[in-house]
Amino acid sequence: MSKSVATSARSKSSTNPGSAEQRDQLDLPFAPSASGAEDELDRAGTVGEHESFQVAEAGRARRRPSHAPPAIGPTYGAGQRRGDRVNSAHDDLSGASVPELLARYAAILQELQDRRVVRTRNAPLGDYAEYLAVQVYGGTLATNSVKSYDLLAADGRRVQVKARTVAPDTRASAVFSVFRSFDFDIAVLITFDSATYALRQAREVPAVDLKSAGRHSAHVNGRLIKITAGLQLGADVTPRFRTVVSR
């Protein structure tokens with residue numbers, strides 16, 4: 001190589017944006033080459049592309065949030081304990097009506113079922129149905145030791161309360177919970193919307209009508225009444241129940 005050519009190559013190597021020094025400043029993903037000026041010239045285009053990449057990355061970095069990602073689970077402020085958050089959540093619910101609370105609860109149960117935490121959505125249903133029945137019929141709830149009825153009404157009738165949630169995909173063969181005794185005067189069959197716990201229907205049915213309508217199941221040692229069949233029996237008391245639901 002002639003002196004002029006060598007000088008030219010050295011000059012290009014010292015000023016080329018692909019020099020080792022500049023690569024160190026740019027933090028390029030390749031090491032300095034020992035193959036001479038030709039390799040340096042070939043990589044000049046790569047350096048330009050890397051500079052463009054760095055500019056783009058800098059722009060994206062400015063758009064990214066500088067804080068750490070949020071922690072999974074509840075977080076509390078300085079000096080705040082978990083119990084404080086629970087009490088705060090309770091205060092938020094204290095002003096909600098009973099139907100609003102049940103709608104939220106139904107949504108929670110649905111999410112728990114979707115996550116396969118629970119298998120059904122009937123958790124508070126029986127107690128809520130009995131709560132409504134007491135307001136409609138008066139009287140007092142029976143103790144847990146009484147198995148044949150749930151409520152002794154103000155007029156002295158023994159009332160059995162059965163409730164189910166229903167949805168558009170509820171099977172036609174779905175039944176109310178088993179009747180193992182007919183030692184009561186009337187049964188109140190109530191259905192609620194599975195998505196919101198809103199009241200759908202309530203029927204007051206004499207015990208004798210239920211006994212003849214159902215089928216005996218040896219598996220559960222009792223009599224089963226289909227929801228569709230039960231809601232055709234007795235008298236419609238839905239308006240009376242709707243009145244107390246809205247309270």
Fill in: the stretch 125-245: relative contact order as a whole-number percent, Cα under 8 Å and 6+ apart
23 percent
Worksheet item: What is the set of long-range amide H partners of Phe192 at a cut-off below 5 Å, with H atoms built 1.01 Å from backbone N?
Response: Arg164, Thr165, Val166, Arg200
Response to the item:
Residues of the stretch 224-245 with backbone N under 20 Å of the label point set 7 Å from the Cα of Thr120 along Cα→Cβ are 224-231
Worksheet item: What does the convex hull of the Cα atoms of the stretch 125-245 come to per residue, in Å³, rounded to a whole number?
Response: 102 Å³
Item to complete: At most 12 other Cβ atoms within 10 Å and a DSSP loop assignment: could you name the trypsin sites (Lys or Arg not before Pro) in the stretch 124-218 that fit?
Response: Lys147, Arg171, Arg180
Discussion item. Based on the alpha-carbon set only, what is the convex hull volume of the stretch 140-207 divided per residue, in Å³?
Written reply: 107 Å³
Response to the item:
For the Val178, Gln232 Cβ pair and Förster radius 25 Å, calculated FRET efficiency rounded to 0.05 is 0.80
Fill in: Calculated FRET value between Ala107 and His216, using beta carbons and R₀ = 35 Å, to 0.05
0.40
Discussion item. Could you compute how fast the stretch 93-162 diffuses translationally, taking Rh as the Kirkwood radius over C-alpha pairs and applying Stokes-Einstein at 37 °C with viscosity 0.692 mPa s? Give it in µm² per second.
Written reply: 237 µm²/s
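A short reminder: the numbers here are calculations on the coordinates, not readings from a lab. Treat the numbers as computed from the prediction; the structure is a model and nothing was measured. Glycine gets a Cβ as well: all are built from the backbone with ideal geometry, and neighbour counts include every protein chain shown.
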